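Please treat every number below as a calculation from the coordinates, not as lab data. The shown structure was predicted, so the numbers you read here are calculated from the model rather than taken from an experiment. Positions of Cβ are backbone-derived with ideal geometry, glycine not excepted, and every protein chain shown enters the neighbour counts.
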Amino acid sequence: MAAAGPAAVNVVNCIWKDAPKVDTNFAGLFRALGLTADELAAEKGEDHALVQIKRNSERLEKCETHVFEPAPNWRATPMFGQKIKCTRCNGVMKTHDAMTYLRGYAHGSGADYEAMTNAIWPPGDPR
Ligand SMILES: [Zn+2]
């Protein structure tokens with residue numbers, strides 16, 4: 001194993017120097033994670049990113065059964081990073097998470113997973 005050179009020492013010094021700031025930021029983040037969306041919105045406003053994330057999580061958690069809106073043009077944009085909206089709760093989640101949800105739903109209910117996913121993400125030309 002090579003000995004730590006000057007670059008590694010600089011990284012350690014930088015981390016050490018910023019440690020109090022990092023501690024403060026993490027403490028604020030952990031505190032925010034423990035608040036409800038309403039409590040956080042009262043402090044930060046509805047437009048704050050964490051408030052929006054918490055609102056979305058609340059919508060998704062309260063929804064009895066997600067009904068994802070069809071995405072007929074899903075092939076036009078890269079799959080990585082795509083999100084899909086539930087028409088019932090207006091919650092938004094990553095497409096991959098929605099597919100996992102539907103697989104679990106189909107497994108538990110006996111519904112046809114392929115038929116459900118084909119209705120949302122229509123199969124394209126196999127070329
Ligand atoms: Zn939903």
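Observations on the model:
- Pick from region 73-121, criterion among the hydroxyl-bearing types (S, T, Y) and part of a loop (DSSP other than H, G, I, E, B), ranking: nearest to the ligand (Cβ to nearest atom): T87
- The residues of region 73-84 that are within 16 Å of the chain's Cα centre (by Cα) and within 11 Å of I120 (Cβ to Cβ) amount to a single one, I84.
- In region 60-73, residue farthest from Y101 (Cα to Cα) [restricted to those that are in contact (Cβ under 8 Å) with a residue 12 or more places away in the chain and surrounded by fewer than 16 Cβ atoms within 10 Å (Cβ to Cβ)]: P72
- Among the residues of region 85-109, those identified as among the β-branched types (V, I, T) and farther than 11 Å from I120 by Cβ are V92, T100.
- Residue in region 55-72 that is more than 16 Å from the ligand (Cβ to nearest atom), within 30 Å of G124 (Cβ to Cβ) and more than 17 Å from the chain's Cα centre (by Cα) present: yes
- A single member of G91, G110, G104 is of a type in the set (G, A, S) and within 13 Å of the chain's Cα centre (by Cα), and it is G91.
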